[in-house]
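Trainee: Take a look at this one; I'll ask things after.
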Amino acid sequence: MLELKTSKYYFLKGHEENVLTVDAFENYILSAGKDKLIKLWKKTNDLFEFKQIATFFGHNEAIASICFSPKTASFFVSCS
């Protein structure tokens with residue numbers, strides 16, 4: 001991730017293989033990819049730090065796309 005204000009790079013570590021897709025909504029990030037897992041991250045403070053708060057599984061193939069629902073992020077969708 002790149003913080004636009006400072007141009008600092010940050011890395012979220014948690015996937016076992018390449019990440020293919022991400023989506024963000026307010027203080028949350030979804031990431032998914034070749035390990036067939038979806039990770040949910042939450043911003044922990046004002047220092048642009050995120051903590052993994054959930055892992056979702058069930059895909060049989062790499063996850064190609066993921067998206068929070070518009071406006072409320074009350075759910076997300078994913079596809080292989």
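Trainee: Loop-only check: which trypsin sites (Lys or Arg not before Pro) in the chain are DSSP coil with at most 13 other Cβ within 10 angstrom?
Mentor: LYS5, LYS13, LYS71
Trainee: Just to be sure I follow the definition: excluding the sites themselves, where is the longest run in the chain that has none of the chymotrypsin sites (Phe, Trp or Tyr not before Pro) in a DSSP loop with at most 15 other Cβ atoms within 10 Å?
Mentor: Longest site-free region, per DSSP loop and neighbour criteria: 12-47.
Trainee: For segment 2-79, calculate the relative contact order in percent as a whole number, restricting contacts to Cα pairs under 8 Å that are 6 or more residues apart.
Mentor: Reported relative contact order: 24 percent.
Trainee: Another question, then. For the chain, what is the number of Lys pairs with C-alpha distance below 27 angstrom, counting only pairs 8 or more positions apart or on separate chains?
Mentor: The result is 29.
Any read-out appearing in this document is the output of simple, stated calculations on the displayed coordinates, not a laboratory observation. Keep in mind that what you see is a predicted model, and the values were worked out from it rather than measured. Note that we place each Cβ from the backbone using ideal geometry, even for glycine, and neighbour counts take in every protein chain shown.
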